[in-house]
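Read the structure below first, then the notes.
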């Protein structure tokens, strides 16, 4: 057994004539957070169901926590935890009883199960709510209990299928902190989400799934740089400095506002790009008052990639990998 996270090779799945996954290749190192983005119907949940051994693929293979999906399904199930889009808590049991139920299902000794439940109630700040039923919980508390239940078996790989859907901003951030803590402890996180800021906040690597194919993959910063629109905005004290800078930077656009003298300079915002820009200004003895870097966010990446795929069959048939 290796210390890998998740590897996927040539994974395919169809329902009738509808191809849901069309030859997916992925590699998620152990102890990292990986985000799979895609519009509704892109195949994200199907991917999670296959990797969690809930449904079989039509073709291709995968390993999860070093175990082969086809030949070691039992070992895969013993190494993973799954938190789906909808809460799996039992409203008739208390929070503590929900955790103890999972411990019993995992055949933990009674004393070990109680100790594990107490640890998770404290870790997820659920101690005060432990004796209440989840029907009285807020959405954020229910999701925290759901995540705690996923961790009863101390999984090495966790699948989070749109884990913050419907949560308020404060509850979402609480879940984010929990996820970061899990990764810091060495747990591999496979996250599906439609919240692009969520992927940007959490994931070290992102893949965009559309029409059953990975249309882009890379670190969030790399993907953003592939979308046009990155620029540097320079602010100056007055019109003289602005005009001098504009003469040195012919590709720049002058932006005038009430009391504002700014230039918009195309650029990717990398250290080398900024160094070249400042060197050119220094040559002309022009000093900007302010400098801000503006790059496209994952929303821009997502809409650019999936928009092209929807508009053009050719675009959807190509895979663009950022390395």
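Derivation of every value follows stated rules applied to the coordinates shown; laboratory data play no part. What you see is a predicted model, and the numbers here were worked out from it, not measured in a lab. Ideal geometry is used to build each Cβ from the backbone, glycine not excepted, and the neighbour counts take in all protein chains shown.
General observations
- Principal-axis tilt of helix 271-283 within the chain, Cα atoms, nearest 10 degrees: 20
- For the chain, the longest principal axis of the alpha carbon atoms and the long axis of helix 95-105 meet at an angle near 70°.
- Scattering profile of segment 231-294 at q = 0.17, 0.21, 0.22, 0.28 Å⁻¹ [log10 I(q)/I(0), Debye over alpha-carbon scatterers]: -0.49, -0.76, -0.83, -1.37
- Ordered by the number of other Cβ atoms lying within 10 Å of each residue's own Cβ, fewest first, 279, 268 fall into the sequence 279, 268.
- Relative exposure of 231, 49, 107, judged by other C-beta atoms within 10 Å (fewest first): 107, 49, 231
- Rg over Rh, two decimals, segment 12-83 (C-alpha only, Kirkwood Rh): 0.94
- Working from label points 7 Å from Cα in the Cα-to-Cβ sense, the residue 194 to residue 111 distance is 4.9 nm.
- Considering only alpha-carbon pairs that sit under 8 angstrom and 6 or more positions apart, the relative contact order computed for the chain is 19 percent.
- Computed over the alpha-carbon pairs of segment 3-162, the distance histogram in 5 Å steps reads 2, 9, 17, 18, 17, 14, 11, 8, 4, 1, 0 percent, short to long.
- Residues 236, 303, arranged from fewest to most other Cβ atoms within 10 angstrom of their Cβ, appear as 303, 236.
- The chain: angle of helix 110-123 to the longest principal axis, Cα-based, in degrees nearest 10: 20
- Theoretical FRET efficiency, 1/(1+(r/R0)^6), r = Cβ-Cβ of residue 136 and residue 285, R0 56 Å, to 0.05: 0.25
- Gain in span if fully extended, residue 17 to residue 173, counting 0.36 nm per residue against the direct Cα distance: 52.2 nm
- Scoring 128-136, 293-301, 210-218 by mean Cβ neighbours within 10 Å over their residues and listing the highest first yields 210-218, 293-301, 128-136.
- Whole-number Å³ per residue for the convex hull built on Cα positions in the chain: 176
- FRET E, pair residue 292, residue 30, Förster distance 45 Å, beta-carbon r, rounded to 0.05: 0.75
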